[in-house]
1. Condition check: without any contact (Cβ under 8 Å) to a residue 24 or more places away in the chain, out of contact with any strand residue (DSSP E or B) (no Cβ under 6 Å at 6 or more places or on another chain) and either away from chain B (no Cβ under 14 Å) or assigned to a strand (DSSP E or B) (or both). Does A:K175 satisfy that?
2. Please find, within segment B:284-317, the residue that is nearest to B:S383 (Cα to Cα) out of those that are away from every other protein chain (no Cβ under 14 Å) and free of Cβ contacts under 8 Å to residues at least 40 places away in the same chain.
3. Please indicate, with yes or no, whether at least one residue in segment B:323-340 is within 14 Å of another protein chain (Cβ to nearest Cβ), of a type in the set (D, E, K, R), crowded, with 22+ Cβ neighbours inside 10 Å and on the phi < 0 side of the Ramachandran plot.
4. Is it true that some residue in segment B:318-331 is out of contact with any helix residue (DSSP H, G or I) (no Cβ under 7 Å at 6 or more places or on another chain) and free of Cβ contacts under 8 Å to residues at least 24 places away in the same chain?
5. Would you call A:R118 among the charged types (D, E, K, R), free of Cβ contacts under 8 Å to residues at least 40 places away in the same chain, within 24 Å of B:V4 (Cα to Cα) and not in a strand (DSSP E or B)?
6. Please enumerate the residues belonging to segment A:1-15 that are in a loop (DSSP other than H, G, I, E, B) and either within 13 Å of A:L26 (Cβ to Cβ) or of a type in the set (D, E) (or both).
7. Can you find a residue that is part of a loop (DSSP other than H, G, I, E, B), among the hydrophobic types (A, V, I, L, M, F, W, C) and within 14 Å of another protein chain (Cβ to nearest Cβ) anywhere in segment A:148-165?
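No value in this document is a laboratory result; all are computed from the given coordinates. Note that the structure is predicted; figures quoted are calculated from it, not measured. Cβ sites come from the backbone with ideal geometry, for glycine too, and all protein chains shown count toward neighbours.
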Amino acid sequence: MIRLEQIQRDFQVGEQIVHALDHIDLQIEQGEYVSVMGPSGSGKSTLLNLLGLLDRPTAGRYQLNGKEVTEMDEAERARTRNELIGFVFQAFHLIPRLTARENIELPLILSAVEPDLRRQRVDAALAAMNLQDRAEHRPDQLSGGQRQRVAIARATITEPSVLLADEPTGNLDQKSGADVIKTLEKLNDKGITLIVVTHDQQLGKRSQRAIKMLDGRICADNQQTD
Amino acid sequence: MRAVDTQRYAWHSLKGYRARTLLMLLAMTISVASVLLLTALGEGARRYVMGEFTSLGTHMLIVLPGRSETAGAGAGTMMGVTPRDLTLDDARALTRHPKIIRIAPLNVGVAEITWQGRKREISLLGSTREILKLRQWKLAAGTFLPQSQWDRASPVVVIGKNIRDEIFGAHAAVGQWMRIGDQRYRVIGVMASEGRSIGMDVQDIAIVPVASAQSLLNTPSLFRILVETKSREAMIPVKEFIEKTIQQRHHGEKDITVITQDAVIQTFDRILGALTYGVAGIAAISLLVAGILIMNVMLVVVSQRTAEIGLLKALGASQSRILSLILVEALQLSLIGVACGFFIGIIGSWGIRLALPALQAYPPLWAMISSVAVALGTGLLFSLLPARKAAALDPVRALQGH
């Protein structure tokens, strides 16, 4: 469960202070499927970074699964990112010199999982993403859709409770994009909290809950039914 | 993160950026190898010179006129009083001591030699038969000075190889008569070219009996008296004996200096040791330069891999994890560089020994240990800044590639 109370995030731009997030209150239950939309500069990426513990609020409180995130130190936040949060980026962010298998394995390596167990879990993830025959390929040998599926496998390999996707289909063609969305939604069906930041109206309409942002504030927060 | 995985990850990234890895390896290798090679050369030179001195006979004492240190206001140290000459009789007085094996009085000067219209200025050495064994010289042809009374002049000369070549050319030198100054001398021997002497090239001198030299150079005084003792232990009592004997003969004046071969050797040992440390220091600067190069390249690496570092942070790598990843990478690189440099240094000094067998060019142990330690140390130290820079990156901006 995610709970934000009076979250502020200010940036200094020149001599001006920009309120990227302006007193945000937000609660997201475990297993929700949330889309965040809004024009550029509305604060949606800042919100996502903050939810992912990559960024810290200037003021306000953030509770994740009952824990006060704003009080954690750097190492604790890093561990929390590893255990509870998965990221899917528009630009995939795969490490080019590593194979698909090694890329997926990274979060497990960082949390010191034994090699045997790592292999089992990566094999399972590859199978779930339908990438078994791509395991030993490097990113430049994969299609865009395959790359994003490798990235999703990596984001979910530690079985996090929240999956944060920033424009996950932004660099993909229609068909690969649809595949990736289906993959993400399937994960949501199994109980992961899915938060997608997107410009894509079609994509935004698919979520159960649609949050619209403008100038650092939430201007609409609607439950949707298909 | 398990230690094995840290090593593997670092190793992967080294392999992933071949050009810069090789560049840094090269710098590390060259500097470690140069430390080893330069110190090997320095050590080789030191050993060579020590060997040269030892070949003169380590149990040798050199008696020279005059005192090199003040010994109170004795009559001999008064202003304007030159020290008493060292004479042949002084030398003869020393032969009594049982622990002295041989004594060679020495007289040195410059003379002109002439043979069939060819002239040459040479160093003239007056001595006795004993000097041949005392300095371990070898003859190339003929015989050395005959055993005879020290104060008996005789017209015989032994010449160095260069003089033989320049004066006699293709003619056989032994048996020829030539002029030294205005006297005629018969050549009875030629020195071998490998004859060694510090401060004097045996190939360029002519040796005559000491009494002949005294008459040629028109002086009764000796330049040196060389004394060889039975053993190393005998040197100190013999030295005291010499000082006492000469003092008695010179009416109580301490007007001679006795140098032991040991003292000379020690001086050279110190000088050449300092030289080796000096070149090691110069080579160590190249290690420092390699360290700075490593820092630069690692800084470039960090900025090239900003997005990767941001990603690692997003996946749950803490600052200290990033720091250790970069440092392990630098350490691996330094280790390989050191290993290559060490190998090249050892092979290189072996090559020097093959090319110059006289120079026993082995890198000293302290140079081996310290070059390795300094190389690894600079590798780590100079990676600290880039690693800290990487660790401090803001993950959000890093992911955007800033």
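1. Details: without any contact (Cβ under 8 Å) to a residue 24 or more places away in the chain: no; out of contact with any strand residue (DSSP E or B) (no Cβ under 6 Å at 6 or more places or on another chain): yes; either away from chain B (no Cβ under 14 Å) or assigned to a strand (DSSP E or B) (or both): yes.
For A:K175, the condition - without any contact (Cβ under 8 Å) to a residue 24 or more places away in the chain, out of contact with any strand residue (DSSP E or B) (no Cβ under 6 Å at 6 or more places or on another chain) and either away from chain B (no Cβ under 14 Å) or assigned to a strand (DSSP E or B) (or both) - is not met.
2. Restricting attention to segment B:284-317, the residues satisfying the condition of being away from every other protein chain (no Cβ under 14 Å) are B:284-300, B:302-303.
If we keep only those that are free of Cβ contacts under 8 Å to residues at least 40 places away in the same chain as well, we get B:285, B:296, B:303.
Numbers: B:I285: 18, B:N296: 9, B:S303: 14 Å.
That would be B:N296.
3. yes
4. no
5. Values: among the charged types (D, E, K, R): yes; free of Cβ contacts under 8 Å to residues at least 40 places away in the same chain: yes; within 24 Å of B:V4 (Cα to Cα): yes; not in a strand (DSSP E or B): yes.
Against the criterion (among the charged types (D, E, K, R), free of Cβ contacts under 8 Å to residues at least 40 places away in the same chain, within 24 Å of B:V4 (Cα to Cα) and not in a strand (DSSP E or B)), A:R118 qualifies.
6. A:M1, A:E15
7. Kept after step one, since they are part of a loop (DSSP other than H, G, I, E, B), are these residues of segment A:148-165: A:157-161.
Subsequent filtering for residues that are among the hydrophobic types (A, V, I, L, M, F, W, C) retains A:157.
Retained after the next criterion (residues that are within 14 Å of another protein chain (Cβ to nearest Cβ)): A:157.
For segment A:148-165, residues part of a loop (DSSP other than H, G, I, E, B), among the hydrophobic types (A, V, I, L, M, F, W, C) and within 14 Å of another protein chain (Cβ to nearest Cβ): present.
A quick yes/no check of all residues on (1) within 34 Å of the chain's Cα centre (by Cα); (2) away from chain A (no Cβ under 11 Å); (3) not in a helix (DSSP H, G or I):
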| position | (1), (2), (3) |
| --- | --- |
| B:M1 | no, no, yes |
| B:Q7 | no, yes, no |
| B:H12 | no, no, no |
| B:L26 | yes, yes, no |
| B:S31 | yes, yes, no |
| B:A40 | yes, yes, no |
| B:E43 | yes, yes, no |
| B:Y48 | yes, yes, no |
